[in-house]
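Structure first, commentary second.
The values are calculated or read from the model by the stated rules, or taken from the named source; none is laboratory data. In this text, all values refer to a predicted model and were calculated from it rather than measured experimentally. The protein model used for the area step is the full one, side chains on, heavy atoms only, and it has no ligands, DNA or RNA in it. Shrake-Rupley method; radii C 1.70, N 1.55, O 1.52, S 1.80 Å.
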Amino acid sequence: MKKYAKPQAYAAATKDQRHAGTFEVLVPLPDRVKPHRIAGQFASMQAAEGWIHSDEGKDAIADLCAAHQPKSAKAGR
């Protein structure tokens, strides 16, 4: 087992009460306290997880990770 593995995207119940009963895809990113919400609302957990493993989902997650540039601690100096 790896000592440190890169956090993976996951599906979770939507916390927004306007979309109660739906699921969303969350992607943890470095230097970010809360995970980034990606895609839309899904009717079931299986649909959200299926999207994560689809070609469209893999591409969207890879694009998000590539676009996210962690801020260096020395960048502001």
**Prompt:** If you stretched the chain out fully between T14 and A62, how much longer would it get, using 0.36 nm times the residue separation minus the C-alpha to C-alpha distance?
**Reply:** 15.1 nm
**Request:** Report, to the nearest whole %, how much of the accessible area of the range 1-64 belongs to carbon and sulfur atoms, 1.4 Å probe, protein only.
**Result:** 55
**Request:** Starting from the Cα of K58, draw a straight line to each of the aspartates and glutamates and keep only those under 17 Å, dropping any in the same chain fewer than 8 residues away.
**Result:** E24, E49
**Request:** Please report the relative contact order for the range 21-67, taking Cα pairs under 8 Å with a sequence separation of at least 6, and give it as a percent rounded to a whole number.
**Result:** 34
